[in-house]
1. Taking 8 Å as the Cα distance limit and 6 or more residues as the minimum spacing, I'd like the relative contact order of the chain as a percentage.
2. Could you tell me the center-to-center distance, by alpha carbons, between the range 224-255 and the range 70-112 in angstrom?
3. Compute the angle between helix 96-105 and the longest alpha-carbon principal axis of the chain, please, reported from 0 to 90 degrees and rounded to the nearest 10.
4. Just to confirm the number: angle between the C-alpha axis of helix 243-253 and the first principal axis of the chain, 0 to 90 degrees, nearest 10?
5. Return the Cα extents of the chain along principal axes one, two and three, sorted largest first, each rounded to a whole Å.
6. Going through the cross-link list Lys60/Lys158; Lys33/Lys244; Lys158/Lys244; Lys130/Lys177; Lys5/Lys358, which pairs have a Cα-Cα distance over 20 Å in this structure?
7. Only four residue types carry charge here, +1 at the Cβ of Lys and Arg and -1 at the Cβ of Asp and Glu. Report the dipole size of the chain about the Cα centre in Debye, rounded to the nearest 20.
8. Using the Cα centre of the range 272-359 as the reference point, and only Cβ charges (+1 on K/R, -1 on D/E), how large is the resulting charge dipole? Debye, rounded to the nearest 20.
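The values are calculated or read from the model by the stated rules, or taken from the named source; none is laboratory data. Everything numeric here is computed off the predicted structure, so don't read it as measured data. FYI the Cβ positions are ideal-geometry reconstructions off the backbone, even for glycines, and counts take in every protein chain you see. What goes into the accessible areas is simple: the full protein's heavy atoms, side chains included, and nothing from ligands, DNA or RNA. Shrake-Rupley method; radii C 1.70, N 1.55, O 1.52, S 1.80 Å.
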Amino acid sequence: MLSRKVREKLATHETPFYFYDIELLRATLAAVKAESEQYGYRVHYALKANFDPRIVDCIKAYGLGVDCVSGNEIRYAIEKGFSPKGIVFAGVGKSDDEIRYALEQGIFAFNCESAHELEIINELAAEMGKMADVALRINPDVDPMTHRYISTGQADSKFGISYKEIEEVADRLEALKNIRITGLHFHIGSQIREMRVFEYLCLRVNTLYEWFKNRGFHLSHINLGGGLGVDYEQPESEPTPNFKQYFAIFNRHLKIDPALEIHFELGRAIVAQCGELITRVLYNKVTAGGKQVAVVDASMTQLIRPALYQAHHAIENLSGGSDYKTYTIAGTACESSDIFADGIRLPHPRRGDLLSIKTAGAYGASMASRYNMHDLPAAIYSDEL
Ligand code: LLP
């Protein structure tokens with residue numbers, strides 16, 4: 001809940017824009033750091049969640065590594081001062097140029113997603129006279145119980161090396177002289193709220209780790225990916241995700257050699273709650289079916305999650321009021337799916353009212369587009385108001 005003073009200040013800015021609560025981000029980072037460090041775990045920030053420069057600077061100050069999925073993300077992380085030794089590189093479609101660039105930089109690990117990719121990394125590393133440090137991304141076939149568009153670790157997903165293929169991949173590895181297998185990588189999906197999913201993941205990881213160990217692999221790390229979800233329904237009730245419970249699950253259920261480093265790649269849990277999209281009401285209308293519609297000046301081009309995943313984001317009328325009714329909050333884009341909320345209860349959103357679309361710090365600004373030639377969204381930070 002924003003204070004009246006903050007709301008008044010926000011009202012003086014041109015909408016739409018992202019508002020970032022830097023104090024909340026810092027509190028979240030302090031929590032993730034304290035809870036992971038007690039077990040010696042290493043956390044990489046999944047840059048795709050939000051690459052806003054100020055957000056990234058704050059994250060860097062807490063000593064996290066970075067999880068990248070493109071050459072541009074690696075370049076940006078290095079420009080921002082992250083050590084290449086704290087960078088992991090995932091993605092099913094790494095281009096040759098991206099692989100060469102990552103090899104030049106000497107990143108911590110390629111999280112390799114297929115047998116074919118292993119061969120190409122080996123070939124390119126040989127051409128450059130380098131050894132590539134690689135973690136095998138195994139698809140463990142665990143149901144993350146989340147939206148199917150953000151599930152990545154089930155049998156027929158495009159991500160990772162199928163658990164059915166690992167025997168064959170292990171056989172072929174001996175011939176790949178420019179690859180050093182340093183770890184195993186897993187990432188089964190995002191916005192995971194059922195904590196037992198992480199227990200199931202641990203059980204699968206334990207079995208796979210044993211298998212690799214028995215095959216004579218000397219691994220130095222296991223990367224469990226990201227996926228910890230946040231409360232989109234009532235963001236105020238859980239501003240900082242329950243990192244304590246999350247890391248304790250891995251500590252309790254992972255049964256692997258204690259000499260191995262344990263890594264994580266968290267995105268959403270770190271940045272989702274610190275960001276909100278602030279927009280202004282433009283028009284009111286009523287459909288033939290009787291729906292009360294408020295058209296706002298933001299759209300799916302600033303925040304695509306509701307249109308793409310039917311994601312729910314809580315909305316608050318920052319201008320106040322007590323005449324609660326049920327509204328549809330519609331964006332400006334020429335797409336029927338550009339609806340921020342359908343059937344949400346709010347004090348009557350009148351022309352000029354400011355609305356806050358909450359929990360938008362992750363996969364909000366980073367997924368913005370210029371569709372309809374909209375401007376990319378601006379950002380305003382709590383400590384610069
Ligand atoms: N590691 C890998 C390999 C990933 O693919 C992802 C996210 C993460 C880590 C970070 O996951 P997180 O901790 O943020 O759940 N645009 C979607 C989410 C896509 C997630 C993609 N991968 C959304 O808005 O919900």
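1. Details: 813 pairs, mean separation 77.0, N = 385.
Worked out over the chain, it gives 20 percent.
2. Centre-to-centre distance over Cα atoms comes out at 27 Å.
3. So the inclination is approximately 80 degrees.
4. Approximately 30 degrees, to the nearest 10.
5. Cα extents, longest axis first: 69, 41, 40 Å.
6. On the way: Lys60/Lys158 31 Å; Lys33/Lys244 10 Å; Lys158/Lys244 31 Å; Lys130/Lys177 10 Å; Lys5/Lys358 18 Å.
In this structure, Lys60/Lys158; Lys158/Lys244 exceed 20 Å between Cα atoms.
7. Working: 42 positive and 50 negative charges, 168 e Å.
The calculation lands at about 800 debye.
8. Numbers: 9 positive and 8 negative charges, 39 e Å.
Value, rounded to 20: 180 debye.
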